[in-house]
Amino acid sequence: METLEVALGDRSYPIYIGVGCLDQANLVQQHVVGQQVMIVSNDTIAPLYLEKAKALFVGYDVSWVILPDGEKYKDLDHLNLIFDALLKHRHSRSTTLVALGGGVVGDMTGYAAASYQRGVNFIQLPTTLLAQVDSSVGGKTGVNHRLGKNMIGAFHQPQCVIIDPNCLQTLPARQLSSGLAEVIKYGLIWDEAFFSWLELEVDNFAKLDMAVIERAIYRSCEIKAEVVAQDERENGVRALLNLGHTFGHAIENCAGYGEVLHGEAVAIGTYMAADLSKQLGWLTDADCVRIEQLTQRAGLPLIPPPELSASALRDAMNLDKKVENGKVRLVLMTAIGKACVTLDFEQHQLEKTLAAGESLCK
Ligand code: NAD
Ligand code: GLY
C-alpha cells in the first residue's frame, strides 16, 4: 500500500492506495472521531460493497442510506434523503459520513457533510476509476441544478481517502473509460512523461492490469494533491484541473444529466480545447493527433452528439462558474503537458470550435 498526503495545514489528510485497502479496518478507524457512522451509497454499489464497508466499522453505531443510482439524482431533492437518514437515526455533530461509491455519491456525501449541523467529518471510499483519480480528492462537493452542473456546493475536505483498485473489477468498461479521461487530463495539463507512459500502457487498463492501474491512480492523485495544496479554493493553478470541463459541463447539461458520462464529456471538451488551442497556434497538428489517438484508444468519444447545437452549447457555457464580465475563461493547452487559463481567444474562434463537429482539430 502507498500513502500520499494532501497538505493543507490542520486540514491535511492521507490518501491510501492499494489492492486490499478496503479490508483494513484499522486504516479507516483511526480517522473516525465519534461513535456514529453513516455510510452513503447507491442501489448499484450497495449490493456489491455495503457489507465490506460495514465490516470496517464493527463496534461503531453504523447506519446507512442508499440513494438511487445516477447523475440525474445528484440534486437537492435527493441530498435530502441523506439528511432524513441522519436525523432519523439521531446523528450528532461528531458523526462521520462515509461515501461509498463514485463521484456522484462522493460529491453528495461531501456536501451533506459540509452542511449537516454546519459541518461534520467525512471519509471517501471511491469505487470508480474517476472517483479514485479525481473526485474523492480535493474537497469539492456539491450537487447539480437544472440550469447548471455542480452549481450548488461547498469546499469541504475529507478525513482520509481509501482507494482499493480491486473495486474496479466490477466496474462496467464504459465507466472505466470515463475515468481514463481524467487520467489523460493530468498528462495534458501537468506531465508530458505521464502522457507518454499512458500512450504505452492505455490498452492494459481494459485488461485490468492492476500494476498499471495502481500506478496511474498514484500519479493522478499525486498531481491532484500537489495542485490542491497550492490552491485549495481555485484562485489560480487549480483551475487547470478543469481542462475540457467548461465544454464538458455544457455537453452534460444540454444532453440531459447522465446521458453523456462525465468523463466522456470531459474527453470531448478536451478535444474541443485542443481545437481552439490549435487555432491559436499553441498546439501542433501532431499534438492533436496524439490526443485524438490516446482518447480513442481509451474508449472515449471525441465529438459532441450531433443533436447538440453550437448555440445551445454556447448558452450553457455562459452559465459556467468561470464566466467573467460576460466572457468565459477557458483552460487551453500550449503543449502536451502544459496548460493555461485564458481569455486570449476571439469569440469567432470559440464559435468555430463549437460548430466544428467532425472537423474538430482537422
Ligand atoms: P458515478 O458516481 O455516477 O458512477 C458511475 C457508475 O458506476 C454508477 O452507475 C455507479 O453506481 C457505478 N459504480 C460505481 N462503482 C462501481 C463499482 N465498483 N462496480 C460497479 N459499478 C460501480 O460517476 P463517476 O464517474 O464516478 O463520477 C462522476 C461525478 O463526479 C460527476 O457528477 C462529476 O461532476 C463528479 N466529479 C467531481 C469532482 C470533484 O472534484 N468533486 C471531480 C470530477 C468529477
Ligand atoms: N475536478 C476539478 C477539481 O477538483 O478542481
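Just so it is clear, none of the values below were taken in a lab; they were calculated from the coordinates. Source: prediction; values computed, not measured. Neighbour counts are summed over all protein chains in view; Cβ atoms, including those assigned to glycine, are modelled from backbone coordinates with ideal geometry.
What number, rounded to the nearest 500 deg cm²/dmol, is the helix-based mean residue ellipticity at 222 nm of the chain, given -39500 (n - 2.57) per DSSP H run of at least four residues and division by all its residues?
The per-residue figure over the chain is -13000 deg cm²/dmol.
Treat the chain as a sphere of radius equal to its Kirkwood radius over Cα pairs and apply Stokes-Einstein at 25 °C in a medium of 0.890 mPa s; give the translational diffusion coefficient in µm²/s, rounded to a whole number.
Estimated diffusion coefficient is 120 µm²/s.
Work out the charge dipole of the chain with +1 on the Cβ of Lys and Arg and -1 on the Cβ of Asp and Glu about the Cα centre, then indicate which of GLY299, LEU87, CYS221 is farthest towards its positive end.
LEU87
If you check each cysteine of the chain for another cysteine whose beta-carbon is under 4.7 Å away, which ones come up empty?
Result for the chain is CYS21, CYS160, CYS167, CYS221, CYS254, CYS340, no neighbouring Cys Cβ within the cutoff.
Using only Cα atoms, locate the centre of region 285-355 and the centre of region 44-107, then give the distance between them in Å, rounded to an integer.
Result: 35 Å between the Cα centres.
Give, as a single signed number, the net charge of other residues whose beta carbon lies under 13 Å from the beta carbon of LYS278, with Lys and Arg counted +1 and Asp and Glu -1.
-1
What residue among ALA267, SER277, PRO126 has its Cα farthest toward the positive end of the dipole of the chain, where the charges are +1 on Lys, Arg and -1 on Asp, Glu, each on the Cβ?
Looking along the dipole axis, the top candidate is PRO126.
Can you run phi through the Karplus equation (6.51, -1.76, 1.60; θ = phi - 60°) for region 152-166 and list ³J(HN,Hα) in whole Hz, with x for Gly and Pro?
Running phi through 6.51 cos²θ - 1.76 cosθ + 1.60 with θ = phi - 60° gives 10, x, 8, 8, 8, 7, x, 7, 6, 10, 10, 10, 10, x, 4 Hz.
Let me spell out the model: positive unit charges on the Cβ of Lys and Arg, negative unit charges on the Cβ of Asp and Glu, origin at the Cα centre of region 182-336. What dipole size does that give, in debye rounded to 20?
320
Dipole magnitude of the chain about its Cα centre, charges +1 at Lys/Arg Cβ and -1 at Asp/Glu Cβ only, in debye to the nearest 20?
740
So for region 4-98, taking the charge dipole from beta-carbon charges (+1 Lys/Arg, -1 Asp/Glu), which of GLN35, VAL98, LEU50 sits furthest toward the positive end?
GLN35
For the chain, modelled as a Gaussian network with Cα springs under 10 Å, which listed residue fluctuates most, MET210, MET272, MET333?
Result: MET210 has the largest fluctuation of those listed.
If you count, for each residue, the other Cβ atoms within 10 Å and average over each peptide, how do 191-199, 93-101 line up from highest to lowest?
Going by the mean number of other Cβ atoms within 10 Å, highest first, we get 93-101, 191-199.
In a Gaussian network model over the chain where Cα atoms closer than 10 Å are linked, find which of ALA310, ALA298, ALA225 has the largest mean-square fluctuation.
Highest fluctuation of the listed residues: ALA310.
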